[in-house]
1. Please list, in order along the range 161-167, the HN-Hα scalar couplings obtained from phi with the Karplus expression 6.51 cos²θ - 1.76 cosθ + 1.60 (θ = phi - 60°), rounded to whole Hz, x for Gly and Pro.
2. Build a GNM of the chain with springs between Cα atoms under 10 Å: which of LEU141, LEU112, LEU122 gets the top mean-square fluctuation?
3. Using only the Cα atoms of the chain, what are the Rg and Dmax in Å?
4. Under a 10 Å cutoff between Cα atoms, tell me which one of THR44, THR142, THR68 has the largest fluctuation in the Gaussian network model of the chain.
5. Between LYS47 and ALA165, take the C-beta separation as r, use R0 = 41 Å, and let me know the FRET efficiency to the nearest 0.05.
6. Computed over the Cα atoms, what is the radius of gyration of the range 2-48 divided by 2.2 N^0.38 Å, N being its residue count?
7. Given a 10 angstrom Cα cut-off, can you work out which residue in LEU119, LEU178, LEU156 is the most mobile in a GNM of the chain?
Amino acid sequence: HNYNVTHFVTSAPDIRHLPADSGIEVAFAGRSNAGKSSALNTLTNQKSLARTSKTPGRTQLINLFEVTDGVRLVDLPGYGYAEVPEEMKRKWQKALGEYLQKRACLQGLVVLMDIRHPLKDLDQQMIEWAVDVDLPVLILLTKSDKLASGARKAQLNAVREAVLAFGGDIQVEAFSSLKKEGVDKVRQKLDLWFNT
Ligand code: GDP
């Protein structure tokens with residue numbers, strides 16, 4: 001697929017208001033500030049497809065982008081804002097879990113984690129939910145440019161080792177929007193999931 005022609009389709013306030021469960025979707029999830037918006041922009045070679053640096057605590061929408069007819073990238077709300085009330089956090093988590101478990105057109109989940117702070121509780125929760133429903137996962141260790149090459153490789157290996165415990169189909173790659181590292185790996189995986 002040519003990801004450069006990806007365009008915004010619609011936003012939904014929650015999973016109940018998503019468009020029809022048809023076609024093929026790949027979802028992007030991560031803690032707030034993990035670099036998800038930057039990664040979506042890098043992946044699609046666009047400056048502002050996904051908006052970066054959103055206001056913490058604001059109710060976030062699920063944004064849907066279309067690569068081509070019936071082929072969608074789904075930008076899930078960032079999780080883990082410290083300032084968000086517990087009640088709201090629980091609601092987000094419940095909605096995210098429901099989406100992963102019930103969305104039939106979902107073919108894969110991309111989980112973005114800052115390479116310096118991988119596998120936080122909520123990241124692990126997302127991965128568990130995906131593995132539970134046999135959904136393949138691509139983990140991107142973002143902002144890889146923040147580590148020197150030796151430390152970057154060590155962290156990549158450590159996370160690859162750690163995720164073996166989840167079982168399931170999980171691939172782990174280093175990614176940098178700044179240095180464009182890992183972009184081809186993501187596109188290859190998306191092509192596989194979109195079956196092209
Ligand atoms: P989101 O909240 O997950 O959508 O994260 P953003 O894409 O808005 O990025 C959060 C912050 O990390 C911003 O200040 C970005 O400039 C920065 N950032 C994102 N990707 C990279 C990267 O690849 N390298 C570096 N050094 N900084 C990045």
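FYI, it's all coordinate maths here, none of it is from the lab. Since the structure is predicted, the reported quantities are computational estimates derived from the model, not experimental observations. In this analysis, Cβ positions are derived from the backbone assuming ideal geometry, glycine residues included, and neighbour counts consider all displayed protein chains.
1. With the stated coefficients, the range 161-167 comes to 5, 5, 6, 4, 4, 7, x Hz.
2. Residue with maximal mean-square fluctuation among LEU141, LEU112, LEU122: LEU122.
3. 15.5, 46
4. Of THR44, THR142, THR68, the Gaussian network model singles out THR68 as fluctuating most.
5. For LYS47 and ALA165, the calculated efficiency is 0.60.
6. After normalising by residue count via 2.2 N^0.38 Å, the value is 1.29.
7. Residue with maximal mean-square fluctuation among LEU119, LEU178, LEU156: LEU178.
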